[in-house]
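Each remark here refers to the structure printed beneath this line.
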Amino acid sequence: MKFIKDILLIETTTTGQDIEKDAIIQLTGLLLDKDNLLEKSIFNTYVRVSLLENTIQKHSSILGIEEAVLTKSPKIYDSAKKFHDHFGSDLLLATHNIANIFFLRNAFKKASVPWDYDMHIIELWTLEYIYALSYGIRKMPTLHTLIDHFRIKHVNSANALEKARAEAIIFRNIIGQA
């Protein structure tokens, strides 16, 4: 299957699930070619939310990285601008979890970056759910269920880049372009 536009697969690691209260601490975009769904470009950054030492410790623990890496990371305003500048907006968005879109949209709003993406979004979990039903997978089609099903090497569930790459493999397998 070929798509009309390249696909930007978005993945985040956040401090929690509340879009209004929690924050992005890692932002990843993986641009997939519209013809073969292979990786064309990557954007990956950790995001510093606070200068408070205990907050940095907590977030670096979630991410599994050294505190110094997070301390030197950009704030969400700069990250959102760089993300948009890196990819532009003439593409389709895709994500395993629609909350990623809401978190990113909030980040764009805070950074005064226009949200000028196509309103159509490829919601991968729904596609994966239909695939699981069709192929008799008896478990809920979480990312980890499909990682096991497609025998993808271990993925650190706290690392947005690793998750995005696993999601791209799953997407290619489901679409039939593995």
Under 27 Å Cα to Cα from K109, which lysines show up? Leave out anything in the same chain fewer than 8 places away.
-> K5, K21, K40, K58, K72, K75, K81, K82, K163
First select every other residue whose beta carbon is under 14 angstrom from the beta carbon of V113; then total the charges, Lys and Arg +1, Asp and Glu -1.
-> +3
How would you classify the range 103-164 from its alpha-carbon gyration tensor, with a ≥ b ≥ c the square roots of the eigenvalues: rounded for a/c under 1.5, else prolate if a/b is greater than b/c, otherwise oblate?
-> oblate
The size of the Cβ-based charge dipole (Lys, Arg +1; Asp, Glu -1) of the range 76-129 about the Cα centre, to the nearest 20 debye, is 300 debye
Probe 1.4 Å, heavy atoms of protein chains only: per residue, the accessible area of the range 1-144 in Å² is 55 Å²
With each run of n ≥ 4 DSSP H residues scored as -39500 (n - 2.57), what mean residue ellipticity at 222 nm is computed for the chain after dividing by its residue count and rounding to the nearest 500 deg cm²/dmol?
-> -12500 deg cm²/dmol
What is the sum of charges around I65, taking Lys and Arg as +1, Asp and Glu as -1, for the other residues whose C-beta is under 13 Å from the C-beta of I65?
-> 0
May I ask for the angle, rounded to the nearest 10°, between helix 99-110 and the longest principal axis of the chain, with both axes built from Cα atoms and the value confined to 0 to 90°?
-> 40 degrees
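Of the chain, which part is the longest with no GluC sites (Glu not before Pro) in a loop (DSSP not H, G, I, E, B) and with at most 13 other C-beta atoms within 10 angstrom?
Here the longest run is 67-178.
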Under the rule rounded for a/c under 1.5, else prolate if a/b exceeds b/c, else oblate, using alpha carbon gyration tensor axes a ≥ b ≥ c, the range 62-178 is classed as oblate
Which value, in debye to the nearest 20, gives the size of the charge dipole of the range 21-178 about its Cα centre, when Lys and Arg are +1 and Asp and Glu are -1 at the Cβ?
-> 280 debye
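For the range 59-178, which whole-number percentage of the solvent-accessible area (1.4 Å probe, protein heavy atoms only) is attributable to carbon and sulfur atoms? Show your work: numbers first, answer last.
Values: 3510 of 6630 Å².
The nonpolar share, carbon plus sulfur, comes to 53 percent.
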So for the range 1-123, Kirkwood radius off the Cα pairs, Stokes-Einstein at 4 °C and 1.567 mPa s: how many µm² s⁻¹?
-> 87 µm²/s
Extension reserve of the W125-S50 stretch, reckoned as 0.36 nm per residue once the Cα distance is removed | 23.8 nm
Compute the length gained on full extension between K75 and M140: take 0.36 nm times their separation in residues and subtract their Cα-Cα distance, giving the result in nm to one decimal.
-> 19.9 nm
Taking a point 7 angstrom from the Cα of K110 along the C-beta vector, which residues in the range 20-52 have backbone N less than 13 Å away?
-> 20-27, 47-51
Before anything else, pin down the relative contact order of the chain: Cα pairs under 8 Å, at least 6 apart, normalised by residue count, whole percent.
-> 24 percent
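The values are calculated or read from the model by the stated rules, or taken from the named source; none is laboratory data. Note that the structure is predicted; figures quoted are calculated from it, not measured. Counting neighbours? That spans all protein chains shown, and the Cβs are built from the backbone with ideal geometry, glycine included. Ligands, DNA and RNA are stripped out before the accessible areas are found, and what is left, the full protein with its side chains, is counted by its heavy atoms. Shrake-Rupley method; radii C 1.70, N 1.55, O 1.52, S 1.80 Å.
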